[in-house]
Structures are given as C-alpha cells and as structure tokens.
Amino acid sequence: MGEDRRQQVADGRTTLGIELGSTRIKAVLIDEQHRPIASGDHEWENAFVDGRWTYSLEAVETGLQAAYAALVADVEAQYGVRPTTFRAAGVSAMMHGYLAFDADDALLVPFRTWRNTSTGPAAAALSEALGFNVPLRWSVAHLYQAVLDEEPHVAEVARVTTLAGYVHHRLTGRDVLGVGDASGMFPISTDPISTDPIGTDPIDAATRDYDAAMLTTADELIGTARLGTDLRALFPEVLVAGQDAGALTPEGAAWLDPTGTLEPGLPLCPPEGDAGTGMVATNAVAPRTGNVSVGTSIFAMVVLERPLAQAHEELDVVTTPAGDAVAMVHCNNGASEIAAWARVFGRFSDAAAERTGGTRIDIDDVYATLLAEAADADPDAGGLLSYNYLAGEPVTGVADGRPVLVRSPDGRFTLGNLVRAEVQGAFATLAIGMDVLHDEDVAVDRMTAHGGLFRTPGAPQQLLAAALDVPVALEETAGEGGAWGIAVLAAYLAHADTTDLATFLGEQVFDGDGVHVAEPAERDVAGFRAYLERFRAGLPLQAAAVAATTTRPTETTAGAEPSLQTDTAGTADTAQTADTTEKEPTR
C-alpha cells in the first residue's frame, strides 16, 4: 500500500483539500480510494479590531502556505517524494461573512467574519422584504448594513465574496462559489430539478442560482444607485458540485507554494463553505439525512424533502454542494466552554503531578475522564444549569453573551453533573432550533456527528442523541473533517458526468463500515428535556450578566475565545470540537 501511494503521489494522482476553520487551517491529501494519506495544519486566531471579529489577509496567506508546507513535509516523511501536482484540488472555509473589494481588487474593509452580529437592522429588513429568513451573518446582511450605516467604502465596492471564494480567486483567477457557500451570501433558488448527473443536462444545474425574484426585491430595497450596480454583478458566479471552477494559475501556484515546486494547471472544484464540506464528510447530502458539527460554533444541517411551510428566525435555508435545500440551525456558541473546563482540570492534573511527583494526564485522557463522569451523572445534570454563550446567540435572541454556571442550593454539585451540564448546555440552543423543524414535521432518519468532541467515544454521542431525540451516527472518516470533505468534492470532478453526488458518496466513498449509531435512551431524553426547560426559563440571566459585566475584548485581542481542538465543521482545532468546522477546536 505504501509503495502504491508513493507512486500515486509521484504521478500526481492524489487529490488535495484545504479548509480554513476558525482556529486551524488544515490541508489533507487523499489517494485514489479517497482515503486520507497525509495532512498538515496551521493554527491561527481571529482578532477583535474596531469592534469586529476579523482575520487579516496576510494571516490567510501565511497560514495557507504553512499548512501546505506541513502537508508536503508529511508526504515526504512518509513516502520519500515531494508532490509537484495533484489530480484535483479544492478549498473550503468558514461560511458567510463579508469580503468587499474595489475595482482594483483591493480589500476595502477588514474581513468581517460570521461571528459579527452587528447587522440586525439589515437582516430584519431583508427578511421582511424577501419573506425569507436572512441571518445576521449572511453576506447580503453585512453589505446592506454597510449601506444603512453610510460607510464610505460602499461606493467603491466592485465585488463581494466569502473567505473560500477569496482563496479560490487567488488560486485560479475565477470569481465563483459553490452553491452551498453561495447560499450563505444570498438565498438560492431550490425549485425541484432533475437528479441526473450534471453533465447530462447542464440546464438543470444552471437553475441552482441566486433567487431571481428575491434579487429584484433586494435591489429595490437596497437601491442600485447606492451600490452603483445590482447585487448579481457584485456576487460570485454560482456553481454546483462537479462543475468546472477553473485551474491553478502560475500566480496561484506561487502564492500557495513559494518554493516553486507546485506546478500550475491542476483543476479545482467549486469552493465551498464548511457546512457543505461537513455534509460531504458525513455522507449527509440526501433527503432525510443530516449532520451536526460541533466546534467553536455548533450547527445542524437537515436535507429537506419539501420546502418549509414558513420562514423561521431559528432556521437558515441553505443548500448542499449539489444545490438541494437544507434547513440549518446555526448556533454561534459551541464547545468552547467545555474546552475551557478541560483546560482547568488539565492544569489541576499538572499542578498535582508537580506537587506530588505523580503522573501527568494528557488532554485526551482529561476529556475521557470528564466525559465518562458525565455519562454516569444525573439525567438532568442534578439541577445545574450552564450557558456557553461567549458571544451573542441569534437562535435564542441573546444580543451579547456571558458564560454562566448556575445551581440551586439543593442542586447535586458533583463532577459528573458539572460536566453533563456543560455538555447539555452546548447542545441546548441547537435543540431549541431543531424543535422548530419538528414542528414543521421535517423527517430525519438519523444525524451524523463530527468534530473533535466526538473523538472521545460514548457520552457526547449519547447525549447528543438524547438532546435531538434522534439516532446519532459516527463515521470513522467524519473525524477527518472539512478538509477531507473538500478533497472528496475535488475528486468528484472526474465522476460528475456519470453519477450524482449522493450516489458517488454512497457507492465510492463510504462503504458502510466503521459506523456506530447511538439510539436516544428514554432516561436521557427525559433528563435533557427537564434541563432544557430550565435553560429556556433562565435565558434572562444572560441580559443580567451582560449588564453587570462591562469588560469587553480590547481592540486587537487575538484569540479572545477559548481555543478548541477540532477535527471536523463548519462552518468547526484547539480542544475537542469541530473543524468543519467552519469552526474547529484543538486539543
């Protein structure tokens, strides 16, 4: 196997995937059987600048180059050969946000990420006008808010894109987006189309585009005179999985690999968001399937059989990489608090070992110990209540967040209940959003979980099944995350003319082995529902906590949130969560 993979690398028959998560940039190389054979990563942090969360484009460039260089070093160490080209490649990144460029392709304002929630007036106005929920983090909400705020840069905007779109443009010169990522910019038309492979009927694929009627309405609301053009002219071209998205240019090759070893010319798949690559990584692109990505944020995706009856503030309607409608529950706050507690207990272990001469416990064992305690704890966490809100949470209407742990005098304050409260607190907001889907009678056969939190088997999967009251599966490959998912989408380029994406995944990527399914246990479901009732009732505590604590991140605070480990979402690297992440923790 090793010699065969070495030859694949030497011949350029491997496929490259790169994903920019919230705390890690990861590169993965896969072989012809779509198995990961090498990887490299680079940790980075967002910064809080002038009241907004951002990453600099310089950090994007150096981080990509570092992740790619680490991948190449891993390949050389394992196979003794340095790759010069690949069969195909793909780029994924955190969905949504706002990257605005002028006619000379200069960035007009720092990248505004998905974490920024200052777009309330714009999102509300767009949602009302379109009859469609436009979340705070969507690109069109950021653009319209800039118009409402009369920001000077608006008059110079020539194009708007996402982080994945920006990187893809640097590599290929093409201003395009995969339909899943584009659906985080502006609503996509998801009228039923043929399931034939895209190569057999390109007209079908072309219907997956920004909704024309909604574009007209939005142009009237925003005012083309204020922008100097219409929205379609500012947004990237929309492509579905398997379509030609351009090739690596000489400039793009030199940008990614300054050593000059990487050759131009290899094809790239449409750039996607971490939500789309998370769906691919969990084989959840067909109706009645779904996935949950747990990282710095946490989100669930459910592929719909039919349109929702009405718009809901708790739900985004986005798409799979093939363009099928997906209901998305996106929560700004994920497993950061769990990671923070793990670090506290990890430091206690280190301090005890230093004092007594005992054995230190590594972070994986810290997680395993804590989560095992949670599995045996009281079903409702013994009356404890935890809010994991490091930031505002649109799903519950919380404008600004504070992590809070509350217990009554008669609560059972044990280690197990503490950890269970933290895990259930991380899942509570997601469950509130999923309850809306249940009210819509949306059928879900099972959800597939991914993210670093699930590297510890048992309790997290079981508790998530209880929170959602649906079977939760874990695929062995799901832990490879969104970088693996976008590599698989790049590999799909060679098959799109003959098979649809769901069939390709089911028959050529996932073989059914290595899947573990946790069924919701009645005791755990009842316990979580009792916990969730307290969680809902206690939400006013967030406003009180914010009012009582006025300290805010300083202007250039990098990494102000706990760093999590993720191997996802996803849009989930530093402690146990998801890279899909869109947002990924590190452990």
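Before moving on, here are some points about what is shown:
- Built amide H within the under 5 Å cut-off of Gly401, gap 5+: Ala391, Gly392
- All C-alpha pair distances within the stretch 384-492, sorted into 10 Å bins from zero, spread as 12, 33, 37, 15, 3, 0 percent across the bins.
- Rg/Rh (Cα only; Kirkwood hydrodynamic radius) as it applies to the stretch 121-197: 1.03
- Phi to ³J(HN,Hα) by Karplus 6.51 cos²θ - 1.76 cosθ + 1.60 over the stretch 341-351, Hz, x for Gly, Pro: 5, 4, 5, 4, 5, x, 5, 4, 4, 5, 5
- Radius of gyration and maximum dimension Dmax of the stretch 73-174, Cα, Å: 18.1, 59
- Average accessible surface for the chain: 36 Å² per residue, computed with a 1.4 Å probe over protein heavy atoms with every protein chain in place.
- For the stretch 291-430, fraction of C-alpha pairs farther apart than 22 Å, in %: 51
- Of all accessible heavy-atom area on the chain, the percent that carbon and sulfur account for (1.4 Å): 51
- Rg(Cα)/(2.2 N^0.38 Å) for the stretch 241-283, N = residue count: 1.43
- Counting only DSSP beta bridges with both residues in the chain, the antiparallel share comes to about 70 percent.
- Rounded to the nearest 20 debye, dipole of the chain from Cβ charges on Lys, Arg, Asp, Glu: 1360
- Overall dimensions of the stretch 368-412 by Cα: Rg and Dmax, Å: 13.3, 35
- Over all directions, the projected convex hull of the C-alpha atoms in the stretch 1-158 averages 11.4 nm² in area.
- Within the stretch 75-106: backbone nitrogen closer than 18 Å to the Glu58 label point (7 Å, Cα to C-beta): 106
- Environment charge at Gly242 (Cβ cut-off 11 Å; Lys +1, Arg +1, Asp -1, Glu -1): -3
- Percent of alpha-carbon pairs separated by more than 23 Å within the stretch 236-370: 59
- Relative intensity, log₁₀ I(q)/I(0), of the chain from a Debye sum that treats every alpha carbon as a point, q = 0.07, 0.08, 0.10 Å⁻¹: -0.37, -0.49, -0.79
- Rounded to whole Hz, the Karplus (6.51, -1.76, 1.60) HN-Hα couplings of the stretch 244-251, x for glycine and proline: 5, 10, x, 10, 5, 7, x, 5
- Ellipsoid semi-axes for the stretch 456-498, based on the Cα gyration tensor and the rule √(5λ), read 30, 12, 7 Å when sorted largest first.
- Amide H contacts of Val444 (H built 1.01 Å from N, under 5 Å, at least 5 apart or other chain): none
- Shown is the FRET efficiency for Thr498 and Asp410, computed with R0 = 56 Å from the Cβ-Cβ distance and rounded to the nearest 0.05: 0.30.
- Estimated purely from DSSP H runs of n ≥ 4, each contributing -39500 (n - 2.57), the mean residue ellipticity at 222 nm for the chain is -11000 deg cm²/dmol once divided by its residues.
- Each Lys or Arg adds one and each Asp or Glu subtracts one; over the other residues with Cβ under 13 Å from the Cβ of Asp524, this totals -3.
- Rh (Kirkwood; distinct C-alpha pairs) - the stretch 295-365, Å: 15.5
The values are calculated or read from the model by the stated rules, or taken from the named source; none is laboratory data. Keep in mind it's a predicted model, so treat the numbers as computed, not measured. Cβ: placed from backbone, ideal geometry, glycine included. Neighbour counts: every protein chain shown. All accessible areas refer to the heavy atoms of the entire protein, side chains included, with ligands and DNA or RNA removed. Shrake-Rupley method; radii C 1.70, N 1.55, O 1.52, S 1.80 Å.
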